[in-house]
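Below: the structure, in structure tokens.
The values are calculated or read from the model by the stated rules, or taken from the named source; none is laboratory data. What you are looking at is a predicted structure, and each value in this text was computed from that prediction instead of being measured. So basically every Cβ, Gly included, is an ideal-geometry build from the backbone, and we count neighbours across all protein chains shown.
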Amino acid sequence: MNQRRDDYDVVLIGRLGIDLYSDDFGKPLDKAARFVKYVGGTVTNTAIGCARYGMRAALITRVSTDPLGKFAKDYLRDNGVDVSYIKEDPDALMGLVFAAIFPGKDPDFIFYRPKGEVADLRITKDDIPISVINGTKVLVITGTGLSAEPSLGANLHAVDLAANAGKTILFNLDWRPSTWSGVPDEDRIKRYKAVLDKSSIVIGGVPEWLAATGESSIDAAIDSIRGKEKRILIVTRGGEGTTVFYHGNAINTEAFKVNVLKTLGAGDAFLAAFLYGYLYLLKSGWEVGDVLKFASAAAAIVVTRHSCSEAMPTYDEVMQFLRERGEQLHGNAKPRHLT
């Protein structure tokens, strides 16, 4: 049977912007003079990562009609992401991220996302095609998309459509404090809970879990998730590795030791690889622990590279990384769609 236009492995909704990363390593933003322009944004990086693994990914968002919007949309198209549902908005601006790179340390970065003007927060319910939600295996939603209207309503609408259609909903907590300025804590927690209650898979760092749930510890945050035994809950801890609560069982995976250039993009790479494992590797005889190693390897590769979007690895690159470190996988059959 021929694949319909709206048959996707993953449909993602949310942040598409421009990353400007310093090429003057070790210099703070007020001293750095040279920057490299990339396409960026959590779901954008994840979408590109999914496409690198041969998955069919589509992004629902908005872009400006200026050259930056064209650059972003063209880059996604050229890298295998379906841009059919990216609307060009003449009244919008692209969000910007400036980052200073300190090798081996966390970067300093500044978000420029003017409320009411940043393109990806201007999506509406009308931007969400029902056929696309019905035709995907996984819907990816982020916390940033809940931070302001009309994006909030659009995201909640998409979640309702996906839940009613029995789709897997993956919630990337993606908490950026600057994007939530002016929103009371109780409102933020209420918005997060509305999506948490309907999500099959949730991923975030410790601060994100605490912000999303209002709890004071990661254990309490995990315990607060209703029906947690039936969900996949992922806690990323940077260089300390990852803890995955997989249908009630806690699985710890160590981070690979590499020469870190910057930490940005690691979570996005992990998520793309995990999605690939969830949809394909487990069906090819891999075990859950192997999938987590694969995802951790993808994250390790990205932190050694300057960009986030361009740094997303392929299946062969991840497998080569694992072989070079002598990692033994219980299941290493190459998925059928890659053979």
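Answer with yes or no whether PRO207 is closer than 21 Å to ALA269 by Cβ and surrounded by fewer than 23 Cβ atoms within 10 Å (Cβ to Cβ). When the stated conditions are applied, PRO207 passes them.
For (1) surrounded by 20 or more Cβ atoms within 10 Å (Cβ to Cβ); (2) polar (S, T, N, Q); (3) within 24 Å of VAL202 (Cβ to Cβ); (4) modelled with pLDDT under 95, each residue gets a yes or a no:
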residue	(1), (2), (3), (4)
PHE35	no, no, no, no
ASN45	yes, yes, yes, no
MET55	yes, no, yes, no
LEU59	yes, no, yes, no
PRO67	no, no, no, no
PRO90	no, no, no, no
ALA119	yes, no, no, no
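The sole residue among ILE218, ILE222, ILE169 that is touching a strand residue (DSSP E or B) at 6+ places or on another chain (Cβ under 7 Å), of a type outside the set (Phe, Trp, Tyr) and closer than 16 Å to GLY14 by Cα is ILE169.
What number of residues in region 174-197 are in contact with a strand residue (DSSP E or B) (Cβ under 6 Å, 6 or more places away or on another chain) and over 25 Å from GLY241 (Cβ atoms)? Steps first, answer last, please.
Narrowing region 174-197 to residues in contact with a strand residue (DSSP E or B) (Cβ under 6 Å, 6 or more places away or on another chain): 174, 178, 195.
After this cut, where a residue has to be over 25 Å from GLY241 (Cβ atoms) as well, the list is 178, 195.
Residues in region 174-197 being in contact with a strand residue (DSSP E or B) (Cβ under 6 Å, 6 or more places away or on another chain) and over 25 Å from GLY241 (Cβ atoms): 2 in total.
Count of region 169-204 residues, restricted to those that are of a type in the set (Asp, Glu), surrounded by fewer than 19 Cβ atoms within 10 Å (Cβ to Cβ) and assigned to a loop (DSSP other than H, G, I, E, B), is 1. Considering only residues that are within 21 Å of the chain's Cα centre (by Cα) and not aromatic (Phe, Trp, Tyr), look in region 90-99 and name the one that is farthest from PHE25 (Cα to Cα). Step by step, filter region 90-99, then rank; the result is MET94.
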